[in-house]
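Q: Structure provided below as structure tokens; questions to follow.
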Amino acid sequence: MDSPNHYLVVEGVINNGADSTIVKLSRTVNISGSVSSSGVDNCTVSVEAEGGASYSLSPQGNGAYLILGLSLDASKKYRLHIVTNDSQEYASDYVEVKKTQPIDSVGFYVKNGNLQIYANTHDPANNTRYYRWSYDETWKFHARYQSSYIVDRENKTVVARPGSEANYYCFAGDKSTTIVIGSSAKLSQDVIFQQPITTIASTSEKVEMRYSILLKQYALTKEAYQFWENMKKNTEQLGSIFDAQPSQLTGNIHNLKDPAEPVIGYVSVTNVQAKRVFIDNVQVPHDWVAKYPYDCGPPDTALFFNPKTQQNEVLNFIINGVAVPVADIKQQMNVIGYTYSSVECTDCRIRGRVQAPAFWTEQ
């Protein structure tokens, strides 16, 4: 059973447009205990118009609830309504529909020896003033060593690595876990210039080959901005947005049967603007070198089998050990031995996938 301070956490934005609305429900945890939190399932979740229509979200598992693109009336206010699996009823305040302006550009520059990614945007009508950003990252990387051959364990022979076993180039990704907000409230014009989004270390594999960031922009009300500002201060002290949160941090969501119960989260209603950019290795300083996450040793330390060693002895060592063949060393087109390394140093699939994402393009 949940202890009294396992409060409901509501994450999500009611999207007015083609993008889906996804709401994630979870609960806070004690700082002194585990900092992991599973989703809250078996709830009834809906978007409600003030004095009007209701739109139900479908459960997706692990506390996620979804509804496809909504077309909301900007002249009305909307809220999120939740009935949990223990019959508690929650609702956010009715809030106005904010219009998010397009992202003008996403750029980068070198700062303190690392890559700083930034965004530019503006509202010509001076109506937005408060902004939040989130992002998805994708990057192409490769294993430390390239393995061109593979052991056929059944026949105990070394054969050329087939395309289905490609393991040198892979793709990996991540989602933002920090809070990125900005405001032009103190400026005469509603302009956001070079808003810092994220920093990538010069030694990161993200910029070793090709990197992509999909930036999403949300317009906020002043009250929503103040909530995210407080959340940012707390998460910078404790870790990420998914870590334990102090119970006094509340937003615009309430327990309708027990208004004194804290609920964590702030529901906004807006359309989402997005922009994707790619950054290639040739666009960063040429002396940047990615740090491989495993200790593989320099290439010239890889074991070289004595040319007099019989192939079956080599295969026996490889099959019964932890090594895999990496490259052949040939003399007059005859294989005289093999170098080898660990799976961590030769197989990128343990950290990514070989298949490129649908949006991926090569320069």
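Every number in this text was worked out from the coordinates using simple rules, so none of it is lab data. Please read these numbers as outputs of a predicted model, since none were measured by experiment. Ideal geometry is used to build each Cβ from the backbone, glycine not excepted, and the neighbour counts take in all protein chains shown.
Q: Short version: what are the Cα gyration tensor semi-axes of the stretch 67-134, square root of 5 times each eigenvalue, largest first, in whole Å?
A: Square roots of five times the eigenvalues give 35, 20, 11 Å.
Q: Also, quick follow-up: Translational diffusion coefficient of the stretch 111-223 at 4 °C, 1.567 mPa s, Stokes-Einstein with Kirkwood Rh over Cα pairs, in µm²/s as a whole number.
A: The calculation lands on 74 µm²/s.
Q: Also: Using the eigenvalues of the Cα gyration tensor, what equivalent ellipsoid semi-axes result for the stretch 125-173 when each is taken as the square root of five times the eigenvalue, whole Å, largest first?
A: Values: eigenvalues 462, 16, 10 Å².
Whole-Å semi-axes of the equivalent ellipsoid: 48, 9, 7.
Q: If you place +1 on the Cβ of every Lys and Arg and -1 on the Cβ of every Asp and Glu, how big does the dipole about the Cα centre of the stretch 132-181 come out, in debye to the nearest 20?
A: Dipole magnitude for the stretch 132-181 comes out near 100 debye.
Q: So, one more: With the dipole of the stretch 32-189 worked out from charges on the C-beta (+1 for Lys and Arg, -1 for Asp and Glu) around the Cα centre, which of ILE82, GLY113, VAL45 lies farthest toward the positive end?
A: GLY113
Q: Output the Cα-based Rg and Dmax of the stretch 18-93 in Å, rounding Rg to one decimal and Dmax to a whole number.
A: Both quantities, over Cα of the stretch 18-93: 14.1, 46 Å.
Q: Roughly how big is the stretch 258-300's charge dipole about its Cα centre, with Cβ charges of +1 (Lys, Arg) and -1 (Asp, Glu), in debye to the nearest 20?
A: 280
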